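These notes are about the structure you will find just below.
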Amino acid sequence: MNNTVLITGCSSGIGKAAVLEFARKGWKVAATVRQPEKEQSFATFSNVKLYALDVTAADQVEDVFKQVNSDFGAIDVVVNNAGYGVDGAFEAMDDETIRKQFDTNVFGLMRVTRAAIKMMRPRKAGTIIQISSMGGKITFPLYSIYHATKFAVEGFTESLQYELSLFNIKLRLVEPGPIVTDFYGRSRKFIAPPETSDYDGFIEKFNLADGKVLKNAEGPEVVAQTIFQAANDAGSRMRYPVGRPGPFLLFVRKLISDRIYFWMIRKAYRLS
């Protein structure tokens, strides 16, 4: 196996699990992290090379692609994984918080996608895998701007596939449900209004119910396996939901009205 994959956001969670999945399957892996000097998890793999990358820095994105292309000769698959979640009451979110969320989850993903296209188009081959979320198709309380970024990723990718089909470049959307990662830990950024307690009861009920969901959540390895499947799929499938109960919820959402879905969520989180 001589294929090369570039994966962003590899310091923890899904990104780290994806590096291990591809490396163990014999792929050459370009793993990007913001501080590679602190990363020791992949030291035993001779087929993994670390690169410094902050996807919010356009010049870094271009430089990394040039370095990886020079080191490995070609990039067959790009996994756009870098991202984080902001949740909380929208009223308390300032422009800077919103801007940073979009700069990583949307604009960073777009920067990496654009650089990938430039490398893949001349070869008329390649696969770009966007790590979206079930939150790119359905919504939950207190995740308004996170959902906005993932809905954007879904729309961007779905439209882009029309033009990239000209060059035999495949686009995939991996849509994880609740997964036990730092998304709910050190990577989480929760925002609450400091000047009012009006949201306190709502937030308390939500956090209690959300904690129960995570008790039954799967680990990032199941997503990594799905990413590997998407990378090797020669067909035209675009979306890969994964992580219970994500696939089930996405299926149900297609069948029911807005009114019924909103009632279900309010009931599940005891918000009514």
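When the Karplus curve 6.51 cos²θ - 1.76 cosθ + 1.60 is applied with θ = phi - 60°, which whole-Hz ³J(HN,Hα) does each residue of region 206-216 get, with x for Gly and Pro?
For region 206-216, the Karplus-derived couplings read 5, 4, 5, 5, 5, x, 5, 4, 5, 4, 9 Hz, x marking Gly and Pro.
Using Cα springs under 10 Å in a Gaussian network model of the chain, which residue among ASP95, ASP59, ASP210 shows the largest mean-square fluctuation?
Of the options given, ASP95 has the highest mean-square fluctuation.
Name the residues whose placed amide hydrogens come within less than 5 Å of the amide hydrogen of ASP87, ignoring near sequence neighbours (fewer than 5 apart) on the same chain.
Those lying under 5 Å, H to H, from ASP87 are LYS189, PHE190, ILE191.
Would you please give the residues with an amide H less than 5 Å from that of GLU218, counting only those at least 5 places away or on a separate chain, with H modeled from the backbone geometry?
VAL180, ARG244
For the chain, what does -39500 (n - 2.57) per DSSP helix run (n ≥ 4), summed and divided by total residues, give at 222 nm, in deg cm²/dmol to the nearest 500? Spell out each step's value before the answer.
Values: 9 runs with 118 residues, N = 272.
One gets -14000 deg cm²/dmol as the mean residue ellipticity at 222 nm.
Out of every Cα-Cα pair in the chain, what percent are more than 25 Å apart?
Working: 16589 of 36856 pairs.
Tail of P(r) above 25 Å: 45 percent of Cα pairs.
Within the set LYS28/LYS189; LYS38/LYS215; LYS16/LYS189; LYS100/LYS150; LYS66/LYS189, which residue pairs have Cα atoms separated by over 26 Å?
Working: LYS28/LYS189 33 Å; LYS38/LYS215 30 Å; LYS16/LYS189 20 Å; LYS100/LYS150 14 Å; LYS66/LYS189 33 Å.
Where the Cα-Cα span goes over 26 Å, the pairs concerned are LYS28/LYS189; LYS38/LYS215; LYS66/LYS189.
If you line up the long axis of helix 109-120 against the longest principal axis of the chain, both from Cα atoms, how many degrees apart are they, to the nearest 10?
Helix 109-120 sits at roughly 20 degrees to that axis.
Hey, if you put +1 on the Cβ of every Lys and Arg and -1 on every Asp and Glu Cβ in the chain, which of TYR84, GLY177, VAL242 ends up farthest toward the positive end of that dipole?
In the chain, that residue is VAL242.
Give, as a single signed number, the net charge of other residues whose beta carbon lies under 12 Å from the beta carbon of VAL78, with Lys and Arg counted +1 and Asp and Glu -1.
My count for the surroundings of VAL78 gives +4.
Bear in mind that the values in this text are calculations on the coordinates, not laboratory data. What you see is a predicted model, and the numbers here were worked out from it, not measured in a lab. In this analysis, Cβ positions are derived from the backbone assuming ideal geometry, glycine residues included, and neighbour counts consider all displayed protein chains.
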